[in-house]
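Note sheet for the following structure.
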Amino acid sequence: MRLDRRRLLIASGAMAAVPLTGMATAAVQELKAATPSIPIPPPIGRAERMQRLAKARELMQRNGIGAVLVESGASLDYFTGIQWGRSERLTGVVIPATGDPIVVTPHFEKPTIEEMLGIPAEIRVWQEDEEPLKLVADFLKERGMANAPLGFEETNRYFLLDRFRQQLPKTPVVSANPVVRQLRMHKSAAEIALMQAASDIMIAAYRDASPKVAAGMTPADIAALIEAATIAHGGRPLFQLILTGEGTAYPHGTRRPQTVEKGINMLFDCGCSVHGYQSDISRSYVWGAAPTAEQRKVWEQMRRGQDIAFAAAKLGALAGSVDDAVRRAYESWGYGPGYQLPGTSHRTGHGIGLEGHEPVNLVHGELTPLAPGMCFSNEPGIYIPGKFGVRLEDCFHMTAAGPKYFSMPPPSIDEPFG
C-alpha cells in the first residue's frame, strides 16, 4: 500500500523538522557501508520495447484504433524508455497502428530526450509560442489517420484532449486501455525479474535495519535506517511509511508524534525500485516485548487473510473474487461487514509494476480474470480504531501454474522478517 511519497512521509512523521537522534545517525552510517547482496538484472532493452510496440500495433488494429497518444509518465517509459516528469509542456509519444512512432517535445528538451529514447522514432519539436497538439494532428493527417479513432492513455490530462479537439474536432477519441493497459497489465519475464530484485532488496533492507530500531526512535529515524539499507543493496528508495502504537490502526498513518516503546505495535510499509520496477512490502510486529494475546490473535488472523487471498487467486478467477473470499472469512470472525471497521477498510490488493499502484485491483466488483503476468499486492490488513492495526503486505505474480510470491509472508509475529 502506498500514496504519493511526500504525503506518506508527512503522514508517518518521517519528514518532521527534528533531526535524527544520535543513535539513528550512527546506525544510518553503519548501514550505508553494508555490502550489496542482491544481483541486479539489466534494464529493459530495445528488443523488448520493440516487441511492445509490435503488440501495441496488433491490439490497435484489432480494436479499430488508428493511433495512441501517451504523455509523460510510466507508460511513456514503458514504450520509449523516456523517463519524464509532467508539466504544462507536452512530452509524449504518438504510436500509430502502422509505422514508426513520433515523440513530441519542446525544442529545448530535444537533446535530453535523444539520450533517453530507446526505440526508433522521429523527434518532432515545438517552440514555446507553438501548439504541440498541432504536431500530433499533423502527424495523423500525414499517415491518413485523421478520421480514425485516437486512443488516449487513461492518465493523460484533460487539457491535452481539449486542445487536440481544437485541432481535429472530427477525430474520434477513445480509451487506449485495450492497448496500453492490456499490455502493461501482463508482465514479461524481464519485468518480473526486476520486480523480484526490488522485492529482495526491500526484504534485505528490513532485515538489516530492524535490529537497529531502539526505544525512543521516531518514524523519521526508522525511515532513515531503511532508506540507507535500501540504497546499500542497490535499490532506489520510493517511500517509507513507519507507524507505531495507535498509529498502526490507520492505514496511512497519523500526524500525532510517535516514538518506539516496549510492547507497542510497529508497522513498516516501504518500497523501492530497480530500473523503474517497484516493490511494496509491509511488516507488522510488536517491539521489545512479548505480544499480548490480542496482538497475537489479530496478527495471526491477518496472516490467515493473506493465505485466503493467495488460495483464491486462481487463473481465470475474477480479481474481485479474491477480495470477496477474504471478506467472507473476516466477517465470520466478527469484522466488518464489508469495508466497515474494525476490519479491512481497503481493498485486498492493487496491481503493481512500473507504478506502485496499477490496474487492476483485488477489490469487490472487479471483473477482470486473473491471467499469467499479472502482479498484485496481498495486504488485507485488520485495523481496530483507537487500539492498533496489523498489515502484512507481500506481492505476487500470476504464472501458468497459479500465483507465486515475490516475497514470502512472515511465519509468525515473533519472526516478522522471516
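In this structure, is E261 surrounded by fewer than 23 Cβ atoms within 10 Å (Cβ to Cβ) and part of a loop (DSSP other than H, G, I, E, B)? Yes; evaluated as a whole, the condition is true for this residue. Inspection of segment 364-376 finds a residue satisfying the criterion of being at pLDDT 95 or above, under 14 Å from the mean Cα position of the chain (by Cα) and closer than 27 Å to T254 by Cα.
Among the residues of segment 49-82, those that are touching a Gly at 6+ places or on another chain (Cβ under 7 Å), assigned to a loop (DSSP other than H, G, I, E, B) and of a type outside the set (A, V, I, L, M, F, W, C) comprise S72, G81. Of all residues in segment 148-175, those that are assigned to a loop (DSSP other than H, G, I, E, B) and either free of Cβ contacts under 8 Å to residues at least 12 places away in the same chain or not assigned by TED's automatic domain parsing to the domain that holds G85 (or both) total 1.
Residue pairs whose Cβ atoms lie under 7 Å apart, separated by 6 or more positions or on different chains, with the first residue in segment 51-66 and outside the structural domain of F139 (by TED's automatic domain parsing) and the second exposed (fewer than 13 other Cβ atoms within 10 Å of the Cβ), are R57/T98. With respect to I113, is the statement that it is part of a helix (DSSP H, G or I), within 30 Å of the chain's Cα centre (by Cα), closer than 20 Å to L354 by Cα and β-branched (V, I, T) true? Yes.
Looking across segment 55-106, the residues that are polar (S, T, N, Q) and out of contact with any Phe, Trp or Tyr (no Cβ under 9 Å at 6 or more places or on another chain) come down to Q61, N63, S75, T80, Q83, S87, T98. Where strands (runs of 3 or more DSSP E) sit wholly within segment 271-382, those with at least 2 residues that are more than 30 Å from I231 (Cβ to Cβ) occupy 358-362.
The selection criterion, being in contact (Cβ under 8 Å) with a residue 12 or more places away in the chain, in a loop (DSSP other than H, G, I, E, B) and more than 19 Å from V174 (Cα to Cα), holds for I119. Scanning segment 383-413 for residues that are part of a loop (DSSP other than H, G, I, E, B), touching a residue at least 60 places away in the same chain (Cβ under 8 Å) and over 14 Å from I352 (Cα atoms) turns up P385, G386, K387, R391, L392, A400, P409, P410, I413.
Restricted to segment 183-236, and to residues there that are under 22 Å from T248 (Cβ atoms) and among the polar types (S, T, N, Q), the residue that is surrounded by the most Cβ atoms within 10 Å (Cβ to Cβ) is T230.
The values are calculated or read from the model by the stated rules, or taken from the named source; none is laboratory data. Only a predicted model underlies this, so the values are computations on that prediction, with no experimental measurement involved. Cβ sites come from the backbone with ideal geometry, for glycine too, and all protein chains shown count toward neighbours.
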